[in-house]
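Read the figures in this text as sums done on the coordinates, not as results from a lab. What you see is a predicted model, and the numbers here were worked out from it, not measured in a lab. When we count neighbours, we look across all protein chains shown, and the Cβ atoms used for this are built from the backbone with ideal geometry, even at glycine.
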Amino acid sequence: MFAAIPFLSLPAYDIPVPGIGVLPLDPWALLVCTGFVVGLEIARARAIRLGLDVRDIVDGAVFIVLMGFLWGHIITVVAYYPERLKTDGIWSLLRVWEGFSSFGGFLGAVIGWALFYGVIRRRPALRMADVIVYGFPFGWFFGRLGCGVVHDHIGRLTTSPIGMDFDHGIPMFHGTGDPYSAASGIRFELGLTEAAYMVGVAALWLYLGRKDRVPGFYLGLFAVVYAPVRFCMDFLRNNDLGHQDVRYYGLTPAQYGSIIMLTLGLAVLATRNWKGFKPWAMDGKPDQDARANGDAPS
């Protein structure tokens, strides 16, 4: 038996509420909501340091997340489960709670960002994007942790010590001792693996975030540090269980999304005005741009 992470899982709980019925507590939903709050608070704190209007960040982030969930579901149906369109028609697209694609979510986030800061409330779009993306790895950690504890992304069989032993559980989480019904053996738990990677990305963000960066820096850099890793991780998805990811010419939809994401991220970084950029003081005072350019009134 190879060393591996013992199986653990957090089930959904139904909490009786007198006079109302049952309140379902789903660990995935709770951790995703936690991630949204944590990521938003970190972005909000950075906005304050940059002297930005916090309302622009909070309102924009909420709109972007809603668009992300909408498009995340649409891409799930279109790319992963097209048969639903044949059986359920338009209703398969409207039931947004039935499946979510991360790269569909990224697409929706970009659409939401362009609409909000380009049409609904015109603001310096790349500056706003960077503040929101600065908080993203912290929130994404909790989101992927949610995937990990409900095992949305069970991978291939492995002998790696970072694999999870689906045959042997931890009693406090898995009291029956029975193996997880959908899998057996030691397998990659891709949700937990990506959550662990986000710890490193968040640490890098904290290090880089000690000073202001050219607008577009975090947007482009996240694409560059995330897309190649995600592309490689998708080769670790299972190919022997009943809930395999669809593949087109040997690649998953997320891998095609990774290629596009990396290309766009490199393009954003390559087109930044590195030499002409004048960083803001990040002291929380207004008129940061004017002061950086020496145009603020004395």
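Miscellaneous remarks
- In plain terms, the bigger the Kirkwood radius, the slower the diffusion; for segment 30-75, with that radius from Cα pairs, at 10 °C and 1.306 mPa s, Stokes-Einstein puts D at 140 µm²/s.
- When the helices of the chain are scored as -39500 (n - 2.57) per DSSP H run of n ≥ 4 and the total is divided over every residue, the value at 222 nm lands at -17000 deg cm²/dmol.
- Angle in degrees between helix 27-49 and the longest Cα principal axis of the chain, rounded to the nearest 10: 10
- Residue (of 233, 281, 105) at the positive-pole extreme of the chain, dipole from beta-carbon charges: 281
- Each residue of segment 87-96 is assigned a 3J(HN,Hα), and the resulting list reads 8, 10, x, 4, 5, 5, 7, 7, 7, 5 Hz, derived from the Karplus form 6.51 cos²θ - 1.76 cosθ + 1.60 (θ = phi - 60°), x at Gly and Pro.
- Nearby lysines by direct alpha-carbon distance to residue 275 (threshold 28 angstrom, same-chain neighbours under 8 apart not counted): 211, 285
- Compared with the dominant Cα axis of the chain, that is its longest principal axis, helix 217-233 is turned about 20°.
- Projecting the Cα atoms of 256, 151, 6 onto the dipole axis of the chain, where Lys and Arg carry +1 and Asp and Glu carry -1 at the beta carbon, places 256 farthest toward the positive end.
- Considering only alpha-carbon pairs that sit under 8 angstrom and 6 or more positions apart, the relative contact order computed for segment 24-121 is 31 percent.
- Amide H contacts of residue 167: 185, each under 5 Å away and 5 or more positions distant or on a separate chain (H built 1.01 Å from N in the peptide plane; Pro and chain starts excluded).
- Axis angle, to the nearest 10 degrees, between helix 190-208 and the longest C-alpha principal axis of the chain: 20 degrees.
- For segment 16-152, the residue among 16, 37, 120 whose Cα projects farthest onto the positive side of the dipole built from Cβ charges is 120.
- When each of the peptides 16-23, 104-111, 86-93 is scored by how many other beta carbons lie within 10 Å of its residues on average, the order from highest to lowest is 104-111, 86-93, 16-23.
- Cβ-defined net charge surrounding residue 151, 11 Å radius [Lys, Arg +1; Asp, Glu -1]: -1
- Taking other residues whose beta carbon is less than 14 angstrom from the beta carbon of residue 247, and scoring Lys, Arg as +1 and Asp, Glu as -1, yields -1.
- At 0.890 mPa s and 25 °C, Stokes D of segment 23-272 from Kirkwood alpha-carbon radius, µm² per second: 127
- If only the Cβ of Lys and Arg carry +1 and only the Cβ of Asp and Glu carry -1, the dipole of segment 23-272 around its Cα centre is close to 1120 debye.
- Segments 196-206, 266-276 sorted - mean Cβ within 10 Å per residue, highest first: 196-206, 266-276
- Per-residue HN-Hα couplings for segment 55-64 [Karplus 6.51, -1.76, 1.60; θ = phi - 60°; Hz; x = Gly/Pro]: 4, 5, 6, 5, 4, x, 5, 4, 4, 5
- Remark on residue 25: its backbone amide H falls under 5 Å from those of 13, 14, 15, a criterion applied only to residues 5 or more positions apart or on other chains, H modelled at 1.01 Å from N.
- Among 47-58, 278-289, the peptide with the highest mean count of other Cβ atoms within 10 Å heads the list, and the full ranking is 47-58, 278-289.
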